[in-house]
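This report concerns only the one structure given below.
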Amino acid sequence: MSEALDIERWNLECEFNNTDHRTDLNGVDRLILRRGQVFSISLYLRSGTFQPGVSSLEFVAETGPQPNEQYGTRASFGLSASIDTSRWSAAVTSPPGDMVALSLCAAPDAPIGRYTLTLGPSERIEFILLFNPWCPGDAVYMENEQSLEEYVLSPDGIIFRGSYKHPIPTPWNFGQFESGILDTCLRILDTNPKCLRNPGKDCSGRRNPIYVSRVLSAMVNCNDDKGVLLGKWTDGYEGGVSPLFWKGSVEILRNWDKQACQPVRYGQCWVFAAVACTISRALGIPCRVVTNYLSAHDNNGDLVIERYVNENGDLLKSREMIWNYHCWVENWMSRPEFKSDFDGWQASDPTPQEKSEGVFCCGPTPVRAIKEGELTFKYDAPFVFAEVNADVVNIMKKKDGSTSKVTTYTTFVGQKISTKRVGSDDREDVTHLYKYPEGSDEEREAFKKANHQNKLLQQQQNEGLHIAIKVTSDMRKGCDFDVFAVVTNNTQSDKKCRLVFGSCAVSYSGHMGNNCGFKDLLNVELSPGAERRVPLRLNYSKYGEQLTEDNLIRLAVLLIDFSNSQAMLAVRNIVLENPEIKVRILGEPKEGRKLAAEITLKNPLPEALENCCFSIEGSNLTSGQVLSERLGSSVGPGEDAKVKIYFTPTHSGLRKLVVDFDSNKLCHVKGYRNVIIGKK
């Protein structure tokens, strides 16, 4: 007959276990484990000793408010001769005595979340269980160690903004290991409507990273639930802050948690994606932020974006738009319902654009399915396919109400799909993961599968008159500069044309602002084979007040051939560069040692900057806080704004100090400095 162990106390060996499970950056004051990996507990007996074959110990692991073995949220198991990492198991690893060293393992497909483990009749311990991308039996298993360092453990990164001609790296503090962030991420799961409707079923679903990714896609926005962020793209940011205010996810998640799950105001696509990346990494799902330049928003599923312009080439308002860029996340996991070719990166988009199964969420859908044109694959493949492949048709709406199709010289959507390269701050182009080379047989096959008739029927561009927009490299905010419309006559006859060259401020999501410069030439003559360059001067005195925080100007050239009344349109967005922020670290960078960041920005504008403020943030550098320093006086044209901000690093390693400069005329200029922090 077996004898139950009489347990007096135990040691959860939190420091050893958390370090072994790569969760120690969350702290070592409680047990945080990854599924499918062995952990150790020491038991101290009140009386008697452990005797192999005689002593017994039963375990019950439970998660969620309604633990149930059928749902997989409750597991009962006893002692085994050895650990089996494919299921819940336990084994004694110490010799007979009054101290019992236990090895235990959670099943690699166990639901993630908060657990209670009952030992014997009444002793209970608590721990948190996360996904384990280091475990081959886990659906999020990722083989490459460098990739794991980047996509799970790295607390900071780079998000690409700007334009496809000029990608701008923006630093971001993901901060998934900062104090309280993991608890907030678990609270997000518990607050989702599926959990509130059926907590038992929802907790069971947390074994599956596909389910969890879809929940996060819905919960990062607040359109259907008590989600984290409220999006805003127009008409100011009263009651909140500009999305460009944020330097990281930590402050956003803490605000949501402190505000009783009220949405944080405001977010836009890169903020939604960055917060989703933080939560995914915190829970153990490998994740990266991806930027798609010239991203289509197709709201009727026909893979065609129809845009209307007036007789000056100005874009008229439409629900279907081309965003200058759009950010989403990719999560790494297997897709057992498909062939293994579709394992790996899955696109998931938390920015609320269109509803999926009645909820504002998108994905996860296999990136490979987008490339192959497999639009029946779950979830939301048609929408993501359109973002990178939709065709653009421009239609001119004339004053008399009639319309005519405009020959368009614009680049196809889905350009320079970008993410941060593993182990460096460089840009990695991942367009080839989403699309075959333009014009290839494989591309045509993918379009056939996707029933993309417009692409299949696409004709060669008009070989007669041709227009293009050329720019110089020196387009900095505060400068006056020229842009050029280049018209070429490829025909054998003389041509007379009207050329309208306009410019206006534009937001990254495509919303038009006011005029920044305009030219209307009624008699442009070109002999056969001739080329003409028409300059348009953009003056800071004109564009400076019109620019949005995105620093984008839309250039449009409309050319009308008088011989046949044919209209041609060329469009290009340009991004004006902000000044560089220079950061010097004063002092020897070591754990626990006070350092100073000396931060400098030269005013590039022909006018003074008022209300200047620098702020810094960095994982394990600023203790999860945003540290700010305001200048006491204005900064004149060409003068330096300069401050010192002090901070004390808490952990060693390579860390990113994210810097923001804000003023009345230069808003939320970003910079960063990589800092290597040594051990004490």
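The values are calculated or read from the model by the stated rules, or taken from the named source; none is laboratory data. Being a predicted model, the structure only gives us computed values, none of them experimental. We place every Cβ from the backbone using ideal geometry, glycine too, and count neighbours over all the protein chains shown. Only protein heavy atoms, including side chains, enter the accessible area calculation; ligands, DNA and RNA are left aside. Shrake-Rupley method; radii C 1.70, N 1.55, O 1.52, S 1.80 Å.
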Only residues that are open to solvent by less than 40 Å² (accessible area, probe 1.4 Å) and in a loop (DSSP other than H, G, I, E, B): list them for the range 25-73, please.
Gly27, Leu31, Arg35, Gly36, Gln37, Phe50, Leu57, Gly64, Gly72, Thr73
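Table: residues versus (1) touching a Gly at 6+ places or on another chain (Cβ under 8 Å); (2) surrounded by fewer than 24 Cβ atoms within 10 Å (Cβ to Cβ); (3) within 30 Å of Ile553 (Cα to Cα); (4) modelled with pLDDT under 95.
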residue	(1), (2), (3), (4)
Gly301	no, yes, yes, yes
Val309	no, yes, yes, yes
His326	no, no, yes, no
Val329	no, no, yes, no
Lys339	no, yes, no, yes
Can you find, within the range 124-166, the residue that is most open to solvent (accessible area, probe 1.4 Å) among those that are under 20 Å from the mean Cα position of the chain (by Cα) and aliphatic (A, V, I, L, M)?
Leu153
Condition check for Leu375: over 24 Å from Asp550 (Cβ atoms) and over 22 Å from the mean Cα position of the chain (by Cα)
yes
Given (1) hydrophobic (A, V, I, L, M, F, W, C); (2) assigned to a strand (DSSP E or B); (3) touching a Pro at 6+ places or on another chain (Cβ under 6 Å), index of the condition Ala91 fails:
(3)
Which residue pairs have Cβ atoms under 7 Å apart, sit 6 or more places apart or on different chains, and have a first residue in the range 13-34 that is farther than 15 Å from Gly284 by Cα and a second that is among the basic types (Lys, Arg) and modelled with pLDDT of 95 or more?
Cys14/Arg30
Would the range 182-204 turn up any residue that is within 19 Å of Arg288 (Cβ to Cβ), assigned to a helix (DSSP H, G or I) and β-branched (Val, Ile, Thr)?
no
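Do the conditions hold for Leu536, that is, is it more than 30 Å from Pro243 (Cα to Cα) and surrounded by 22 or more Cβ atoms within 10 Å (Cβ to Cβ)?
no
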Turns out the strands (runs of 3 or more DSSP E) fully within the range 369-443 with at least 3 residues that are touching a residue at least 60 places away in the same chain (Cβ under 8 Å) and within 30 Å of Gly313 (Cα to Cα) are 391-397, 403-409, 415-420
Return the residue satisfying two criteria in turn: it lies in the range 385-440 and is on the phi > 0 side of the Ramachandran plot and under 24 Å from the mean Cα position of the chain (by Cα), and of such residues it is surrounded by the most Cβ atoms within 10 Å (Cβ to Cβ).
Gly414
Exactly one condition in (1) within 30 Å of Arg87 (Cα to Cα); (2) surrounded by fewer than 17 Cβ atoms within 10 Å (Cβ to Cβ); (3) of a type in the set (D, E, K, R) is not met by Arg214; state its number.
(2)
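Kindly check whether there is at least one residue in the range 132-142 that is farther than 30 Å from Ser340 by Cβ, assigned to a loop (DSSP other than H, G, I, E, B) and out of contact with any Lys or Arg (no Cβ under 6 Å at 6 or more places or on another chain).
Scanning the range 132-142 turns up no residue that is farther than 30 Å from Ser340 by Cβ, assigned to a loop (DSSP other than H, G, I, E, B) and out of contact with any Lys or Arg (no Cβ under 6 Å at 6 or more places or on another chain).
Open to solvent by 40 Å² or more (accessible area, probe 1.4 Å), under 30 Å from Asp343 (Cβ atoms) and of a type in the set (Ser, Thr, Tyr) - does that describe any residue in the range 91-114?
No; the residues of the range 91-114 include none that is open to solvent by 40 Å² or more (accessible area, probe 1.4 Å), under 30 Å from Asp343 (Cβ atoms) and of a type in the set (Ser, Thr, Tyr).
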Scanning for something at pLDDT below 90 and either hydroxyl-bearing (Ser, Thr, Tyr) or in contact with a strand residue (DSSP E or B) (Cβ under 6 Å, 6 or more places away or on another chain) (or both), does the range 438-453 turn up at least one residue?
yes
Restricting the first residue to the range 245-271 and requiring it to be free of Cβ contacts under 8 Å to residues at least 24 places away in the same chain, which pairs with a second residue that is part of a strand (DSSP E or B) meet a Cβ separation below 9 Å and a spacing of at least six or different chains?
Asn255/Val264
Arg207 passes all but one of (1) buried (at least 21 other Cβ atoms within 10 Å of the Cβ); (2) farther than 23 Å from Thr365 by Cβ; (3) more than 23 Å from the chain's Cα centre (by Cα); which number fails?
(2)
Which ones in the range 609-635 are of a type outside the set (S, T, N, Q), open to solvent by 10 Å² or more (accessible area, probe 1.4 Å), closer than 25 Å to Glu178 by Cβ and assigned to a loop (DSSP other than H, G, I, E, B)?
Gly624, Val626
